[in-house]
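To start, the structure under review is shown below, and the notes come after it.
Values in this text are rule-based calculations from the coordinates and carry no lab data. Keep in mind the model is a prediction, meaning the values are calculated, not measured. Note that each Cβ is placed from the backbone with ideal geometry, even for glycine, and that neighbours are counted across all protein chains shown.
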Amino acid sequence: MVIYDTDGYYMGVSLAEKLASEGREVTLVTPHPTSGPFLAFTAEAAFVHRMLERLHVEVLSDHVVTEIEPARSEARPCSGTNSPPGTPAASCS
């Protein structure tokens, strides 16, 4: 299951935790440099990152989803060939 998190706060990582806890294979894709970057403001980031690792959630940070089809999706790095190196996540499209 793929979760595409552009919010960067708690919703994407919370959904990933719930679904992985239920035994689903989860990939969290985010254009941000890390999953849930705004959790750093509430001192939750380190705990959440450890929890996602423990639940074997694959995190693709600095990526955007480029294609969605039934049972399949694709993502590319924000700093790939279509974006200049160092392109900030906010302008990654």
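Structural remarks
- Rounded if a/c under 1.5, otherwise prolate or oblate - region 2-85, Cα gyration tensor axes: oblate
- Charge dipole of region 2-85 (Cα centre as origin; +1 on each Lys and Arg Cβ, -1 on each Asp and Glu Cβ, all else neutral): 120 debye, rounded to the nearest 20.
- The Rg/Rh ratio for region 1-42 is 0.97, where Rg is the radius of gyration of the alpha carbons and Rh is the Kirkwood radius.
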